[in-house]
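Asker: Sharing a structure below in structure tokens format, with a few things to ask.
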Amino acid sequence: VTAQKADFNGTWKLDRTKSTLAEYTPILTRIEIKINGDSLLTERYYDTGDGQEYPFTENVILDGKEYGITIYDMPRKTKASWSDQEGSLTVESVTTVNGDNGTEDFITKESWKVDKTTNTFTITYKNKLGSNETEGTFILNKSN
């Protein structure tokens, strides 16, 4: 028996009081998601600590293959796929950033889950930049 795919479509806003936020990492404040068939279109909004939001749009196919974009002069490769057993999505990305020591890869692995009863969207993430690893959980509430 396969699990029904979760409905991620809509606009989701961060609940800072329920989220576990890692220090020194961009905070996802809002995400707009549209899944149509195997196409995943997202508009992500991040706060990098200066109080401003930095949005970027990304469109990938949910087939586990890498798709590339450039955000703010930084190349990014992303792959996404369904986990049928858990009814969740796995999203992995590598963004090449310019750091103090030249270019470095900012590696992120996210697990996406929706709880229909509480109308919340949970993104559990692990980030790696150089030798620094962080992990946390974004809890988002549907806003439309």
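The values are calculated or read from the model by the stated rules, or taken from the named source; none is laboratory data. Source: prediction; values computed, not measured. Neighbour counts run over all protein chains shown; Cβ positions are idealised from the backbone, glycine included. Please note that ligands, DNA and RNA were not included when accessible areas were found on the heavy atoms of the full protein model with its side chains. Shrake-Rupley method; radii C 1.70, N 1.55, O 1.52, S 1.80 Å.
Asker: Identify, from the list ASN59, ASN101, the residue that is surrounded by fewer than 18 Cβ atoms within 10 Å (Cβ to Cβ) and farther than 24 Å from ALA6 by Cα.
Answerer: After applying the criteria, what remains is ASN101.
Asker: Working only within region 8-43, note down all residues that are hydrophobic (A, V, I, L, M, F, W, C), open to solvent by 30 Å² or more (accessible area, probe 1.4 Å) and not in a strand (DSSP E or B).
Answerer: Within region 8-43, LEU21 is the sole residue that qualifies.
Asker: Ok, one more. Tell me, please, whether a residue that is more than 12 Å from the chain's Cα centre (by Cα) and at pLDDT 95 or above can be found in region 85-94.
Answerer: Within region 85-94 (the criterion being more than 12 Å from the chain's Cα centre (by Cα) and at pLDDT 95 or above), the answer is no, since none of the residues qualifies.
Asker: Going by the conditions given, is LYS18 over 15 Å from the mean Cα position of the chain (by Cα) and of a type in the set (Lys, Arg)?
Answerer: Against the criterion (over 15 Å from the mean Cα position of the chain (by Cα) and of a type in the set (Lys, Arg)), LYS18 qualifies.
Asker: Consider only pairs whose beta carbons are under 6 Å apart and that are at least six residues apart or on different chains; among these, list those whose first residue lies in region 91-112 and is under 14 Å from ASP73 (Cβ atoms) and whose second residue is of a type outside the set (D, E, K, R) and open to solvent by 50 Å² or more (accessible area, probe 1.4 Å).
Answerer: That search, which allows pairs on different chains as well, returns THR96/PRO75; THR96/THR103; PHE106/LEU129.
Asker: Can you confirm whether LYS79 is in a strand (DSSP E or B) and under 19 Å from ASN36 (Cα atoms)?
Answerer: yes
Asker: Right, something else. Of the conditions (1) under 15 Å from PHE106 (Cβ atoms); (2) open to solvent by less than 80 Å² (accessible area, probe 1.4 Å), TYR72 fails just one. Which one is it?
Answerer: Condition (2) is where TYR72 drops out.
Asker: Another question, if that's okay. Taking the conditions exactly as written (in contact with a strand residue (DSSP E or B) (Cβ under 6 Å, 6 or more places away or on another chain), free of Cβ contacts under 8 Å to residues at least 60 places away in the same chain, of a type outside the set (Lys, Arg) and not in a strand (DSSP E or B)), does GLY64 satisfy them or not?
Answerer: yes
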